Amino acid sequence: AKRVQPEATRISFRAEGFVPKVIALVADTDPSPMRVVLERGRSLQLTVVDQVGQPVPKARVIADLPAAPPALLASTDAEGKAKIQVGQTEPLETRVEAAGFKSALVAPPVAEGEKRTITLDREAGVVVSGVVTDATTGQLLPAFKVVCGTFLVTGPLPTNHTFEPSPFSEDWPKFGGGKFRLEPGQFLSHDSELKSRGFALKFEAEGYASV
């Protein structure tokens, strides 16, 4: 029988104040102790603002790791500030993302402790709004909840899918007076694949079946 070469397993190592590192591991019957050296790199102090110069809080600074999920390096504070470590020997592509904005690439610092301002352009989004009524009387519902989520494909056909609600409470907003409005970036802002997967909404109200 032909011996199959085992596939490598990639493990990412992350520590505060250091540059993330990815190492490929192959199964071995007599493994030797592994030594992982993390690089401190150069510190880069970022200030993230919008097009009018206002700070963008909760923006995420992300590094793309080879053949591994992206690493979250930092999130901006209320003043739009964040500090990250950028590698010099193996520089990673780094970008800034924020709900309702286009992502922006971050070039490596040329000196230790460099300060830089990143301006994000707003992204055109879809505003979802409407009314919720009683199916029998047509009256507006006085109170209801909108559960935001995505479709999870469960079979080979596009029609084989189930609703997957968001696990975060902020994606389950409550409304009254029969009307609702969801602004761009107000919901599912944590889902980086939202553009490709799309989103779905479920409406719930006491005494009514969910739709």
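The values are calculated or read from the model by the stated rules, or taken from the named source; none is laboratory data. Source: prediction; values computed, not measured. Cβ sites come from the backbone with ideal geometry, for glycine too, and all protein chains shown count toward neighbours. All accessible areas refer to the heavy atoms of the entire protein, side chains included, with ligands and DNA or RNA removed. Shrake-Rupley method; radii C 1.70, N 1.55, O 1.52, S 1.80 Å.
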With the requirement that a residue be in a loop (DSSP other than H, G, I, E, B) and within 22 Å of the chain's Cα centre (by Cα), what does the range 25-64 give you? ASP50, GLN51, GLN54, VAL56, PRO57, LYS58, ALA59, ASP64
Can you tell me which residues in the range 174-205 are at pLDDT 90 or above, open to solvent by less than 50 Å² (accessible area, probe 1.4 Å) and either under 11 Å from the mean Cα position of the chain (by Cα) or among the basic types (Lys, Arg) (or both)? none
Of VAL153, VAL131, the only residue that is β-branched (Val, Ile, Thr) and modelled with pLDDT under 90 is VAL153
From the set of residues in the range 74-128 that are part of a loop (DSSP other than H, G, I, E, B), over 23 Å from GLU39 (Cα atoms) and of a type in the set (A, V, I, L, M, F, W, C), which is least open to solvent (accessible area, probe 1.4 Å)? LEU120
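Okay, residues lined up against (1) in contact (Cβ under 8 Å) with a residue 12 or more places away in the chain; (2) over 16 Å from VAL86 (Cβ atoms); (3) out of contact with any Ser or Thr (no Cβ under 7 Å at 6 or more places or on another chain):
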{"residue": "SER12", "(1), (2), (3)": "yes, yes, yes"}
{"residue": "GLU16", "(1), (2), (3)": "no, no, yes"}
{"residue": "SER32", "(1), (2), (3)": "no, yes, yes"}
{"residue": "ARG40", "(1), (2), (3)": "yes, no, yes"}
{"residue": "SER43", "(1), (2), (3)": "yes, no, yes"}
{"residue": "VAL49", "(1), (2), (3)": "yes, yes, no"}
Hey, ALA135 assigned to a loop (DSSP other than H, G, I, E, B) and either acidic (Asp, Glu) or open to solvent by less than 70 Å² (accessible area, probe 1.4 Å) (or both) or not: no
